[in-house]
1. Among 33, 37, which is the only one that is closer than 29 Å to residue 2 by Cβ and open to solvent by 40 Å² or more (accessible area, probe 1.4 Å)?
2. Can you find, within the stretch 51-99, the residue that is surrounded by the most Cβ atoms within 10 Å (Cβ to Cβ) among those that are among the β-branched types (Val, Ile, Thr) and outside any strand (DSSP E or B)?
3. Which ones in the stretch 119-136 are in contact (Cβ under 8 Å) with a residue 12 or more places away in the chain and either out of contact with any strand residue (DSSP E or B) (no Cβ under 6 Å at 6 or more places or on another chain) or exposed (fewer than 13 other Cβ atoms within 10 Å of the Cβ) (or both)?
4. What number of residues in the stretch 157-180 are open to solvent by 10 Å² or more (accessible area, probe 1.4 Å), in contact with a strand residue (DSSP E or B) (Cβ under 6 Å, 6 or more places away or on another chain) and not in a loop (DSSP other than H, G, I, E, B)?
5. Is the stretch 138-156 home to any residue that is touching a residue at least 12 places away in the same chain (Cβ under 8 Å), crowded, with 19+ Cβ neighbours inside 10 Å and assigned to a loop (DSSP other than H, G, I, E, B)?
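The values are calculated or read from the model by the stated rules, or taken from the named source; none is laboratory data. Fair warning: this is a prediction, and the values are worked out from it, not measured in the lab. Note that each Cβ is placed from the backbone with ideal geometry, even for glycine, and that neighbours are counted across all protein chains shown. For the accessible areas, the whole protein counts, side chains as well, though only heavy atoms, and no ligand, DNA or RNA atoms are used. Shrake-Rupley method; radii C 1.70, N 1.55, O 1.52, S 1.80 Å.
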Amino acid sequence: ISPVKIHLHKIVPIGAGLGGGSSDAAYTLRLINQVFNLQLSFETLKDYASQLGSDCSFFIQDHAMIGFGKGEIIEQIEVNLTGYWLVVVKPAIHISTQQAYASIFPRIPTVKIREIVHQPIETWRSFLKNDFEESVFRKHDEIREIKKQFELRGALFASMSGSGSAVYALFEKPTHLKGLFDGMDYWEGVLL
C-alpha cells in the first residue's frame, strides 16, 4: 500500500489498563484493511495485531473475548451486558504495565471465566478476580478506595481494569457518581 498519514485523537487515558493503545493499533489495522480493500481475514489481522503487542489482537473483532498466553491467544465468549450502567473512573495515577506484571502472582481460578460470566452479575464478585488488584492496591490505596466506593453505592460488580489504574463498575440502573471523583477521568453510560 502507499504511505498513510494518520492523525490519532486519543481519548482513552494512557496508563489506565483499558487497552487504549492496543485498540488504537488494532483499529488502525482494520481501517487500513477497509480503506485499501485488502480483504484480509480476521485471522490474518489478528496475526498482524499480535506482532504489534500481546493484547492487540483482542480488539480485531467486536466481541467479548477471553485472552490466554500473553493475551495474543483469544477465544470469543458470549456475555450480554446490554442495559447495564457502566461507570469508569481513572485516578491521576499511572501504573507501569512492566511493574504491574513484575509484582503479580496469578492464581488458577476455582471457577472458569466462561462459567462465571453465565451466572448473574451479582455473583461475579465472589469468583471473578483481577490478580493485579492485590499488588496495585497495596501501592495505591486511592485505587482500592474507588472500587470500595462503587461497591458501597450498589455496584453489581466492580474491578480494576487490566493492570490499572482505571476501575469500572456495573450497575443495574443509572448511577451518577461524578461528584465523588473530582479531578479524575470519569465516564458513565448505558451499555448497548
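1. 37
2. 60
3. Matches in the stretch 119-136: 122, 127, 128, 129, 131, 132, 134, 135, 136.
4. 2
5. Looking for residues that are touching a residue at least 12 places away in the same chain (Cβ under 8 Å), crowded, with 19+ Cβ neighbours inside 10 Å and assigned to a loop (DSSP other than H, G, I, E, B), one finds at least one in the stretch 138-156, hence yes.
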